[in-house]
Amino acid sequence: MSGFISKSTPRKSMAALLLVVLALTCAIPRAFADKKKKKDDTSPPAAPTGPLAPDFRKVVVFPAPPAITRVKYLDYFSAEKYEPPQSKKDKPKVSWMDRMAGVDPNSGKSPDKPKPRFQLLTPYGLAVDSKGLLYVADAKVGAIFIFNTENNDVDLIKHGVHAKFGSIFGLAMDDNDDLFVSDGEQHHILVFNAKHELVTGFGDDVMQDPNGMAIDQENRFLYVADTGLDQILVYDADSYKLLRRIGTTGRAHTLTDAGNFSKPTNVAVDKDGNLYVSDTWNDRVEEFDGDGNFIRTWGKNGDGPGEFGRPKGIAIDCDGHIWVADAMLDRIQVFTSEGRYLLGFGGFGILPGQFQSIAGLYIDKSNRVFTSEHMLGRVQMYRYVTAAEATAEQDRRQAELDKKVRDRDAGIKSTANTQTGTPAATTQTGTASAQTADSQSQPAAQPQPPRHAMKLPDAPVPPPADKPPSPPNQ
């Protein structure tokens, strides 16, 4: 019996040890699970889903409140839309033999990498067609970007695909959606139809460095600013025949007299057919009539209102105001057709409403204003508030002010009536009863005697007490 006990004791100890190990094994995962749960419970709250940046469309307006807004920021454009990389589910299957041989079924295309996008580098010329699509010429990319301003889709007219480009600068669009493209390196103008097909080219025998362009839709004149020639070339927009030249060439950009230019870069035409030229190196704007006769000039070098530091982009709104983009001062100034300063905005920066090397300027028929910037490679879009809209807003504000004045006068009159005792009408029975009870319990206020300009007569003196009063006259 004693031998049996001595032999069985180790077995019981081993069994107990196994039970303890088993219990610990079951408890450890539970402890880790509880610890993980505690970590999950202490995780930081989710980030708010609201916008982290202000809505610049509401805050970037010119002039600043409380003045009536005349320019509103809307949006900007810089590249094709971002397309995220494909998920792993979209990856094609690869056999083990291909993997061993290093064969890529995508022929060098990796679904894990985002698709490279075309992006603006040095945007300059701007134009808008009848569908509202925005065209932007970029010399470094060698393409014309076509932005859909509603959904940000992008199409391109590419060098080597649709045409041969050198250094494209200016753009102009006629009412038939024919697109004119100036190429300074190739010294000519290319014409594309509404389907973005190349139709023709012209100007090789005349042009030296064509830049900005504008079309007189009524007279069918195509104006081309040639910075190399220091001239404005006037073509027939249908036959592409050179009609006349404005300015003198061959003086190495040294002419400063009125009617001549020193590196003119852009042009604009108003509804009366008058031509406005940004005379860049002379820091001024010059105006001509439809026959090319000089009318007036304004502006000089400086950074004050109405002064310029290399004006480039120029455009005209529906009210006939002249907009000028200043490349050195990074601002836009607005003038009357006679050159009187009206408004200025901008400044160096990266925020909406700021610019870095602004070059192009365009206003479409929907009163949208587009600006192009070289250094930031972007186009900003604004909304011009017309004179009629500004007048309507002024009338609305005046009506609100008149109403406040009437309400104030009515309140003053009501207070005055209450102070002089004039009963005020009321529709509440309880209030009327309370006023009646108060009037019965309190003595009525004695009316104040009228004020007279003359002195009142003295009161009669009473007779002595021992003398009877005299009888009245019979």
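The values are calculated or read from the model by the stated rules, or taken from the named source; none is laboratory data. Here the structure is a predicted model, which means the values were calculated and not measured. Backbone-built Cβ (ideal geometry, glycine too); neighbour counts: all protein chains shown. Just so you know, the surface numbers come from the protein's heavy atoms only, side chains and all, with ligands and any DNA or RNA stripped out. Shrake-Rupley method; radii C 1.70, N 1.55, O 1.52, S 1.80 Å.
Couple of notes before you dig in:
- Relative protection proxy for 362-369, 272-279, from highest mean packing down: 272-279, 362-369 (other beta-carbon atoms within 10 angstrom).
- FRET efficiency estimate (nearest 0.05) - Cβ-Cβ, Lys403 to Gln356, R0 56 angstrom: 0.75
- Shape call, region 246-350: gyration tensor on alpha carbons, a/c limit 1.5: oblate
- Length added when fully stretched, Asn148-Arg396, from 0.36 nm per residue minus Cα-Cα: 85.8 nm
- Heavy-atom accessible area per residue - region 207-309, 1.4 Å, Å²: 40 Å²
- Here region 176-262 has 43 percent of its accessible surface on carbon and sulfur atoms, given a 1.4 Å probe and all protein chains in place.
- For Asp204, solvent-accessible area (1.4 Å; no DNA, RNA or ligand), Å²: 90 Å²
- Within the accessible area of region 286-419 (1.4 Å probe), percent carbon and sulfur: 52 percent
- Extension reserve of the Asp205-Thr386 stretch, reckoned as 0.36 nm per residue once the Cα distance is removed: 60.9 nm
- Ranked packing of 231-240, 132-141, most packed first, by mean Cβ within 10 Å: 132-141, 231-240
- Tensor-based shape of region 164-244 (alpha-carbon gyration tensor, a/c under 1.5 rounded, otherwise prolate or oblate): oblate
- Placed amide H near Met207: partners under 5 Å, 5+ positions off or other chain: none
- Sites Leu243 and Ala410 - FRET efficiency at Förster radius 60 Å, r taken between beta-carbons, to 0.05: 0.30
- Relative packing of 387-393, 159-165, 410-416, which averages over residues the other C-beta atoms within 10 Å, highest first: 159-165, 387-393, 410-416
- Total formal charge among the other residues, if their Cβ is under 9 angstrom from that of Gly339, Lys/Arg +1 and Asp/Glu -1: 0
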